[in-house]
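One structure below.
What follows draws every value from the coordinates through simple rules; no lab data is involved. Remember, it's a predicted structure, so these values are computed and weren't measured experimentally. Here the Cβ positions follow ideal geometry from the backbone for every residue, glycine too, while neighbour counts run over all protein chains shown.
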Amino acid sequence: MYLEILSKLVAESLLSLYPTIVKNIDIPFGLQLWARFITYSAISWFFIDWAFISETLFTGIGTLLSVITIAHVYTSYRGFQLLDGGAAYAIFYTYPFMILIMAGEKIHYAMFLALLGIILLSFQDLGDIKTAVSKIVAEMRQPFAPVLGVNDGGADRKALSTLSYQGIAFILLAALTEAIIYFIVKRIKTKNNWNHLFLSYLLGAFVFSGVYLGDISKVAGLGGGVGLALGSNIFIGLFGYLLRFYSISRLSTAIYAPLSYFGILMAFVYGSVFNGEVVTMQKIAGALCIIAANLWTLMSKHRDQK
């Protein structure tokens, strides 16, 4: 099981870097989508089991995986564009909870410790957390302002104007589709995880090649941005997802879900190394919460299996 756990941790390390890079690539949105789908499809083409693909590609479960993957990539890209990185990561990493709930698993107390870690890492300081809570409270009381006799404008409205509810909705959909993909991949029984990648991305490669044909025709004039998009998809996204699918096929839901929070910890590390983000005691505490939650869960599962 140690190899499976390692593959999951490496996958989260790669994929937590991937959205940050993509967000800073200066090419049209549609071209970013196309670069991901065409790269994943083209590379996996050389490693798939053709007999398995021919049997699965046009089945209901194969088509569903393709459609959900299109929805997942689109909503995650839009969400990361509209939200700050910390807020987007915090919302997206609700997907392990969704997986556990959908699987009917008992939610371990450690998951709440991991959520606390996410909150601490998602804000610069405790004052930002207080501001975020104030914004949520302001939003909730807006419909009842006349009854409560409170002002529905002013500071509350100014605070709410900084929130991107469209971005929050997109990231929540991205988290939900990530959880759904987990269960679909579980049902598609193959030890060759290139098959999972090919089934996931082939339809999208055709769809986005058609929809964004105008942007694709301008590739030559976009310089290094296209090369960076293709390169990040090959070396970070492609192998990150391959390892993630490998771990999905081999780890139990109760172990897979909490390990997903390792991505938050790595996003924090990348922010410090590449963006010069200041390391504070609050961020260290958040990182330790996530590490402790993962160790707690794994130790508990190990005891249960004895």
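Each residue in 50, 296 was given a count of other beta-carbon atoms within 10 angstrom of its own, and listing them fewest first yields 50, 296. The ranking of 211, 10 from fewest to most other beta carbons within 10 Å of each one's beta carbon is 211, 10. Each of 215, 26, 49 has some number of other Cβ atoms within 10 Å of its Cβ, and from fewest to most they run 26, 49, 215. For segment 232-240, the Karplus equation 6.51 cos²θ - 1.76 cosθ + 1.60, evaluated at θ = phi - 60°, returns couplings of 5, 5, 6, 8, 10, x, 4, 6, x Hz by residue, with Gly and Pro reported as x.
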